[in-house]
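S.K.: Please see the structure below; I have some questions.
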Amino acid sequence: MYETHYHRASSIQDAVKLRQAAGEGKYLSGGMTLIPTMKQRLAAPSDLVDVRQVPEMKGISVSGRTVRIGAATTHFDVASSSELAALCPAISGLASHIGDPHVRHMGTIGGSIANNDPAADYPSAMLALDATIITDRREIAAGDFFTGLFETALEDGELVTAVTFEAPAKAGYQKFANPASRYAMTGVFVVRRDNGDVRVAVTGAGSNGVFRHEGIEAALSAQWSPDALANVTVDPSDLLSDIHADATYRANLVKVMAKRAVAAARAD
Amino acid sequence: MAKITMTVNGRQVSGQCDDRTLLVHFIRENLGLTGTHVGCDTSQCGTCVVHMDGKSVKSCSTLAAQAAGSDITTIEGLAANGELHPVQAAFKANHGLQCGFCTPGMVMTAVDMIRRHGGQLDEATVRAELEGNICRCTGYHNIVKSILAAAAEMGGARVAAE
Amino acid sequence: MGVEGIGARVARKEDKRFLTGKGRYTDDMSVPGMKYAIFVRSPYAHAKIRSIDAAAAKAMPGVIGVLDGKQLLADGIGNLICGWMIHSKDGSPMKMGAWRPLAHETVRYVGDAVAIVVADSVAEAKDAAEAVVVDYEELPVVTDATKALEQGQPQLHPEAPNNLIFDWQIGDPAATDKAIAAAAHVTEITIHNNRLSPNPMEPRATLGIYDGGDDHYTCYTTSQNPHVARLVMSAFYNVAPENKLRVIAPDVGGGFGSKIYIYPEEIVCLWASKRTGVPVKWTSDRTEAFLTDAHGRDHLSKVKMAFDANNRIIGLKVDTVANLGAYMSLFSSAVPTYLYATLLSGQYDIPAIHANVRTVYTNTAPVDAYRGAGRPEATYLLERTMETAARELGVSPAELRRINFIRTFPHQTPVIMNYDAGDYDASLDAAMKAADWNGFAARKAEAAGRGMKRGIGMSCYIEACGIAPSAAVGSLGAGVGLWESAEVRVNAVGTIEVLTGSHSHGQGHETTFAQLVADRFGVPIDSVNIVHGDTDKVQMGMGTYGSRSGAVGMSAVVKALDKVEAKAKKIAAHLMEADESDIVIENGELKVAGTDKTVPWFQMALAAYTAHNLPPGMEPGLKEGAFYDPANFTFPAGCYICEVEVDPETGVTKIIQFVAADDFGNIINPMIVEGQVHGGLAQGIGQALLENVHYDPENGQLLTASYMDYAMPRADDLPSFKVSTSNTPCPNNPLGIKGCGEAGAIGSPPALINAITDAIGNNRLTMPATPQKVWAAAHAAN
């Protein structure tokens, strides 16, 4: 790791101020991606502004069916929230399978979505749930937030402080883990609203990061059932190929994970 | 260089280190507690697991500065008064270790796992919970057995005390 | 058997220190003035070094020194060597290209070391290493062994035209060809054995300390054989004479073969310590481990197995190309030859065998012994071929094996080995019973009802271990003898130290070796200490690999114990005025048989050291040494059965059960033996299902250089195992031990692959059987 300067923020305002004062700085939350990246000398922020202990960025609140998750809330806390489990078990389940127990104790939802790793789990949930990403200065719809591989709509120095979404009638997530890294080689999050709207987001498979799959959405809108996907085709041309899985296999996984996500959602 | 203060194994400790110093290196080099190991660069092997404020974390992916002010327990802090912790004793009784290198991380993981699951652990849960810890010697068979034995022992003891 | 004697499930003496964080591994060592090393490594798989400019690096904060290969050469440090001479079938010796500890002219794989930076901290050394400017001229690259043999490919070493190291054969080509020509059926198959990274959890590390006062060097290192390290560093690399070099391998966190070899880093850190005047410590990170630890396997073989009309094997022909990487590592030449082709008879009576092996240089990390070393390659080849043949012949896999089992011993195979004892039916019966083989059809039907494809596969393995008779391996080209040494020191108070040349890096010698003593003298194991891993403390020894610590290392201890016992009896007889032939040793006492006369063990020991009342002419003291050279290899064997369920939608293979029935001969500590089997199975299953070293064939970059891309077996990839043992004692060593360290890794891959190919109905599958490959194969079959 290159030399860096560590600052601990006490509030959102403090964090933004510290970040503005820094040169090539970065916010540090759980650090579960950033610190390994810095260890490999693939990132070299001059300053780190630690937001893990900012009180107003922590915790889960529920009002009616509106869920708000502070950006510094750990995966463990999301996974073990009974309120959340009652409203949207799919996101609890998703959080409970991110990384491993130690990673879940440190890693946060805000860190995950701000990083927008193409194999991360949360971006698919945010996109499928039509979540709103709240920052220190504005609110961004998930559909506008994730813009490419490790790319988001965040401006320089902008800090994700929370996410909110309306709990859907049904949601399900299924991940096919990379055998080595255990990141999503393909993960599919499906959501069905009371009004019949369906959104399906795919992570781990797209060569440009998380994306919605219109064909699957259309099929599931017509019939909310795993069988509805029998005749859907997934085009491999925009999917990733690597030493673990080629695009053809990933295309198959998108369909299979989508089917299983619907089955899981129906079972809840 | 900054001065870092934290509580380690019940004792308040301080040390000078770079802001880039990882918690594991602070523990090993500043404090001389070499039971916590480094086995990979990518936060996957779990040989570096310690408890921070009561929860298992990977000390190789945490800055010492992030841990400033926190309460850290390392493998050296587990046995009390020379008596092995029940998890340590179970690993010995069930041959849950061979070369010993992953063992401190495995034991710290097991303690955290049992804290969260109590006596409710079953084999599938233990195997899933070990996702962040790699062992190359045991094939996990006896590690799983050790953790289940310790959970039964500790869960049983807790029920008995209630 | 006593509670702590031979055969007892004794909990390990060494566990407490590992469980409480008190293990002492090389990276835990710290000495005054110690500094930290980082190696500058080649980012290219093949390149000429035009120049190295370290001026900027030397000026960086905290930097003590930057040293390169020209300085190393000027100081007379020698080339790394391969210590086993193999001759090609035309009689020419193997073509050993120069391997410099620091390359100064050519780099031949990504990770090849070119310079060392020594600094006050690891971070500063890394900062400075980035500032070392190496001007490379890139050269074309070849990573695939078969391709490297073709005309017009990049040439790695001028000594080895077409990258061919040797073209070797064993067996009788004419008789084999004749058998194939006369066969009622010939099974042909191409077998690929994937390349693996050993991955002990403790990365390699070394601490080199030069003491100018005595012109003496100390090397702490992660070694399975510190004496061999000292020998080669002294005799071949000119680091220091043996009497000026102490090598200490303290607690070592796993080896699996990868820590047998002497790597450039040990040599360079010792040399750099003298050059810089400070102790120099280097600890590998995991990516360096993937890049530079010797890899394992990487074979491509064409196989023909000939059967007569009664399904008896009448001939086996094998043509293998083995990738040895960029340089010949210490024992690399022996692995695809004498540790491999000599096992091609398996458990079967095969009258004619011919194997041809070509070994090849490529722009990849050196390849050497990894758990099993040659024997997994032989077993995988044979047992996949047997399964394939059974399917082609319409015979059950068990039946085909039974038809061909060797049942009389000793049995001379056509490929050197002379099997001394075994009962292959017993293992097969035990495994089939434990796996409920006969109930499989019902389980398969049940799984099919859930849309899952169930399969079952077996593997009957044999290995040769307890390596090895020195004269025999010497005649085959080994540069060293493979005996072992022991010294037993009885202290004046009766406590005992056993000094052994074996080295424990997870095997539990501190417990099992003490059990031998407890068994012999009836003393508690807590009064016995095992000393190993330090060339200043322990007499010359050969270390631990090839499942040799029990069969060879313990046999040396037994020989030394024999001598101690004889002298102890003489002393006791003298003290009790009895005949020494009447003395028996039980429960820590020396007794005159049939009387109530006894001398406690400690009193006898004290008498040996006070020397006030010893038999006339006897030397004082009680300390005996022995060197044991085995009479033969040992032949552990067994049968493994794996049952899997394949998800046809995803290609995911789930292991439903894994059964291991092994014959290890006599067993000292069943708990530890089971642990060795578990660990071996996990590595074999890892090879079959998950692990693969993947180089980019275009540029030689290693694409699996971390746990992000190299799939290590995790707890949820594996089931709990069903293990059992049967016993035909080895007739060739005093304890009847065969060895158990490698069996699991040898026997398991074919059982697993046979199960998967059974499940999906397609035999065209290579390791690792990743979900994508299995999915594709399952669909190709449909």
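The values are calculated or read from the model by the stated rules, or taken from the named source; none is laboratory data. Just so it is clear, the model here is predicted, and its values are computed rather than measured. Using ideal geometry, Cβ is built from the backbone for each residue, glycine included, and neighbour counts are taken over all protein chains shown. Side chains are part of the model used for accessible areas, which takes the heavy atoms of the whole protein and leaves out ligands, DNA and RNA. Shrake-Rupley method; radii C 1.70, N 1.55, O 1.52, S 1.80 Å.
S.K.: Which residue pairs have Cβ atoms closer than 9 Å, lie 6 or more positions apart in sequence or on different chains, and pair a first residue in segment B:85-107 that is facing another protein chain (nearest Cβ under 7 Å) and among the β-branched types (Val, Ile, Thr) with a second residue that is in a helix (DSSP H, G or I) and open to solvent by 10 Å² or more (accessible area, probe 1.4 Å)?
M.R.: As it stands, the answer is B:THR103/C:PHE18, since those pairs meet every condition given.
S.K.: Being touching a strand residue (DSSP E or B) at 6+ places or on another chain (Cβ under 8 Å), of a type in the set (Ser, Thr, Tyr) and facing chain C (nearest Cβ under 8 Å) is the filter here; which residues of segment B:22-46 pass it?
M.R.: B:THR34, B:THR36 - these are the residues of segment B:22-46 that are touching a strand residue (DSSP E or B) at 6+ places or on another chain (Cβ under 8 Å), of a type in the set (Ser, Thr, Tyr) and facing chain C (nearest Cβ under 8 Å).
S.K.: B:THR138 fails exactly one of the following numbered conditions: (1) among the hydroxyl-bearing types (Ser, Thr, Tyr); (2) in a loop (DSSP other than H, G, I, E, B); (3) within 13 Å of chain A (Cβ to nearest Cβ). What is the number of that condition?
M.R.: The failed condition is (3).
S.K.: Which pairs do you get when a residue that is among the polar types (S, T, N, Q), found in segment A:151-169, comes within reach of a residue that is assigned to a loop (DSSP other than H, G, I, E, B), reach meaning Cβ atoms under 7 angstrom, with the pair 6+ apart or on two chains?
M.R.: Pairs that qualify, where the first residue is among the polar types (S, T, N, Q) and the partner is assigned to a loop (DSSP other than H, G, I, E, B), are A:THR152/A:ASN116; A:THR161/A:ALA71; A:THR161/A:ASP136; A:THR164/A:ALA131.
S.K.: For segment C:229-256, how many residues meet the condition of being within 14 Å of chain B (Cβ to nearest Cβ) and open to solvent by less than 10 Å² (accessible area, probe 1.4 Å)? First the steps, then the outcome.
M.R.: Kept after step one, since they are within 14 Å of chain B (Cβ to nearest Cβ), are these residues of segment C:229-256: C:249-256.
Still in the running and open to solvent by less than 10 Å² (accessible area, probe 1.4 Å): C:249, C:252-255.
Final tally of qualifying residues: 5.
S.K.: Working carefully through the options C:ALA711, C:ALA743, find the one that is modelled with pLDDT of 95 or more, touching a Pro at 6+ places or on another chain (Cβ under 8 Å) and buried (at least 24 other Cβ atoms within 10 Å of the Cβ). Break it down into steps so the answer makes sense when it comes.
M.R.: Values: C:ALA711 fails: buried (at least 24 other Cβ atoms within 10 Å of the Cβ).
Just one listed residue meets the conditions, C:ALA743.
S.K.: Which condition does A:ASP144 not pass, out of (1) free of Cβ contacts under 8 Å to residues at least 40 places away in the same chain; (2) under 21 Å from A:ARG193 (Cβ atoms); (3) open to solvent by less than 10 Å² (accessible area, probe 1.4 Å); (4) part of a helix (DSSP H, G or I), if it passes all the others?
M.R.: Answer for A:ASP144: the failing condition is (3).
S.K.: With respect to C:ASP716, is the statement that it is open to solvent by 40 Å² or more (accessible area, probe 1.4 Å) and within 14 Å of another protein chain (Cβ to nearest Cβ) true?
M.R.: Working: open to solvent by 40 Å² or more (accessible area, probe 1.4 Å): yes; within 14 Å of another protein chain (Cβ to nearest Cβ): yes.
When the stated conditions are applied, C:ASP716 passes them.
S.K.: Then there's this: Taking the residues in segment B:48-72 that are surrounded by fewer than 20 Cβ atoms within 10 Å (Cβ to Cβ) and not in a loop (DSSP other than H, G, I, E, B) as candidates, determine which candidate is nearest to the other protein chains (Cβ to nearest Cβ).
M.R.: First, pick out the residues of segment B:48-72 that are surrounded by fewer than 20 Cβ atoms within 10 Å (Cβ to Cβ): B:53-55, B:68-71.
Filter once more, keeping what is not in a loop (DSSP other than H, G, I, E, B): B:55, B:71.
Numbers: B:LYS55: 4, B:ASP71: 14 Å.
Among those residues, the one meeting the criterion is B:LYS55.
S.K.: Same structure, new question: Given the structure, is C:ILE170 under 30 Å from C:ASN310 (Cα atoms) and open to solvent by 10 Å² or more (accessible area, probe 1.4 Å)?
M.R.: Spelling it out, C:ILE170 is indeed under 30 Å from C:ASN310 (Cα atoms) and open to solvent by 10 Å² or more (accessible area, probe 1.4 Å).
S.K.: Does segment C:435-455 hold any residues that are among the aliphatic types (A, V, I, L, M) and either open to solvent by 10 Å² or more (accessible area, probe 1.4 Å) or not assigned by TED's automatic domain parsing to the domain that holds C:GLN412 (or both), and which are they? If you could, list the steps in order and put the result at the bottom.
M.R.: As a first pass, look at segment C:435-455 and keep what is among the aliphatic types (A, V, I, L, M): C:435, C:441-442, C:445, C:447-448, C:452.
C:ALA441, C:ALA442, C:ALA445, C:ALA448, C:MET452, listed by residue number.
S.K.: Let me ask something else about it. Just name the residue that is most open to solvent (accessible area, probe 1.4 Å) out of those in segment B:73-84 that are more than 7 Å from every other protein chain (Cβ to nearest Cβ) and not aliphatic (A, V, I, L, M). Spell out the reasoning first.
M.R.: The initial filter retains those residues of segment B:73-84 that are more than 7 Å from every other protein chain (Cβ to nearest Cβ), namely B:73, B:77-78, B:80-83.
From what's left, not aliphatic (A, V, I, L, M): B:73, B:77, B:81-83.
Working: B:THR73: 39, B:GLY77: 34, B:ASN81: 155, B:GLY82: 60, B:GLU83: 127 Å².
By that ranking, first place goes to B:ASN81.
S.K.: Is it the case that C:ALA103 is under 19 Å from C:ARG41 (Cβ atoms), part of a helix (DSSP H, G or I) and open to solvent by less than 10 Å² (accessible area, probe 1.4 Å)?
M.R.: Numbers: under 19 Å from C:ARG41 (Cβ atoms): yes; part of a helix (DSSP H, G or I): no; open to solvent by less than 10 Å² (accessible area, probe 1.4 Å): yes.
The answer is no for C:ALA103.
S.K.: Could you name every one of the strands (runs of 3 or more DSSP E) located completely within segment A:1-111 that has at least 1 residues being more than 9 Å from chain B (Cβ to nearest Cβ), surrounded by 18 or more Cβ atoms within 10 Å (Cβ to Cβ) and touching a residue at least 60 places away in the same chain (Cβ under 8 Å)? It would help to see each step written out before you state the result.
M.R.: Details: elements: A:5-8, A:25-28, A:47-50, A:60-63, A:66-70.
Of the strands (runs of 3 or more DSSP E) lying wholly inside segment A:1-111, those with at least 1 residues that are more than 9 Å from chain B (Cβ to nearest Cβ), surrounded by 18 or more Cβ atoms within 10 Å (Cβ to Cβ) and touching a residue at least 60 places away in the same chain (Cβ under 8 Å) span A:25-28, A:66-70.
S.K.: Being touching a Phe, Trp or Tyr at 6+ places or on another chain (Cβ under 8 Å), of a type in the set (Val, Ile, Thr) and open to solvent by less than 30 Å² (accessible area, probe 1.4 Å) is the filter here; which residues of segment C:381-422 pass it?
M.R.: Result: C:ILE406, C:THR413.
S.K.: Take segment A:206-232 and flag every residue that is open to solvent by less than 60 Å² (accessible area, probe 1.4 Å), in contact with a Leu (Cβ under 7 Å, 6 or more places away or on another chain) and within 17 Å of A:THR147 (Cβ to Cβ).
M.R.: Hits for segment A:206-232 are A:GLY206, A:SER207, A:GLY209, A:VAL210.
S.K.: A follow-up question, please. Answer yes or no as to whether C:LYS567 is open to solvent by less than 40 Å² (accessible area, probe 1.4 Å), in the same structural domain as C:ALA518 (by TED's automatic domain parsing), part of a helix (DSSP H, G or I) and not hydrophobic (A, V, I, L, M, F, W, C).
M.R.: Working: open to solvent by less than 40 Å² (accessible area, probe 1.4 Å): yes; in the same structural domain as C:ALA518 (by TED's automatic domain parsing): yes; part of a helix (DSSP H, G or I): yes; not hydrophobic (A, V, I, L, M, F, W, C): yes.
Against the criterion (open to solvent by less than 40 Å² (accessible area, probe 1.4 Å), in the same structural domain as C:ALA518 (by TED's automatic domain parsing), part of a helix (DSSP H, G or I) and not hydrophobic (A, V, I, L, M, F, W, C)), C:LYS567 qualifies.
S.K.: Does segment C:636-671 hold any residues that are of a type in the set (S, T, N, Q) and either within 14 Å of another protein chain (Cβ to nearest Cβ) or within 18 Å of C:LEU765 (Cβ to Cβ) (or both), and which are they? Give the derivation first.
M.R.: Kept after step one, since they are of a type in the set (S, T, N, Q), are these residues of segment C:636-671: C:650, C:653, C:657, C:666, C:669.
Once the filter is applied, which keeps residues that are of a type in the set (S, T, N, Q) and either within 14 Å of another protein chain (Cβ to nearest Cβ) or within 18 Å of C:LEU765 (Cβ to Cβ) (or both), segment C:636-671 yields C:THR650, C:THR653, C:GLN657, C:ASN669.
S.K.: Could you list all residues from segment A:210-268 that are over 20 Å from C:PRO648 (Cβ atoms) and among the β-branched types (Val, Ile, Thr)?
M.R.: Residues satisfying the conditions are A:VAL210, A:ILE216, A:ILE243.
S.K.: Same structure again: Those residues that are open to solvent by 10 Å² or more (accessible area, probe 1.4 Å) and over 22 Å from C:PRO734 (Cα atoms), I need them from segment C:622-661; list them, please.
M.R.: C:GLU645, C:ASP647, C:PRO648, C:GLU649, C:VAL652, C:THR653, C:LYS654, C:ILE655, C:ILE656, C:GLN657 - these are the residues of segment C:622-661 that are open to solvent by 10 Å² or more (accessible area, probe 1.4 Å) and over 22 Å from C:PRO734 (Cα atoms).
S.K.: Could you tell me whether any residue of segment C:740-763 is within 14 Å of chain B (Cβ to nearest Cβ) and without any contact (Cβ under 8 Å) to a residue 12 or more places away in the chain?
M.R.: no
S.K.: If only one of C:CYS460, C:CYS465 is out of contact with any Lys or Arg (no Cβ under 6 Å at 6 or more places or on another chain) and either touching a residue at least 40 places away in the same chain (Cβ under 8 Å) or buried (at least 19 other Cβ atoms within 10 Å of the Cβ) (or both), which one is it?
M.R.: Numbers: C:CYS460 fails: out of contact with any Lys or Arg (no Cβ under 6 Å at 6 or more places or on another chain).
It is C:CYS465.
S.K.: Still on this structure, please answer the following. Just one of (1) without any contact (Cβ under 8 Å) to a residue 60 or more places away in the chain; (2) surrounded by fewer than 24 Cβ atoms within 10 Å (Cβ to Cβ) trips up C:CYS219, so point out which.
M.R.: (2)
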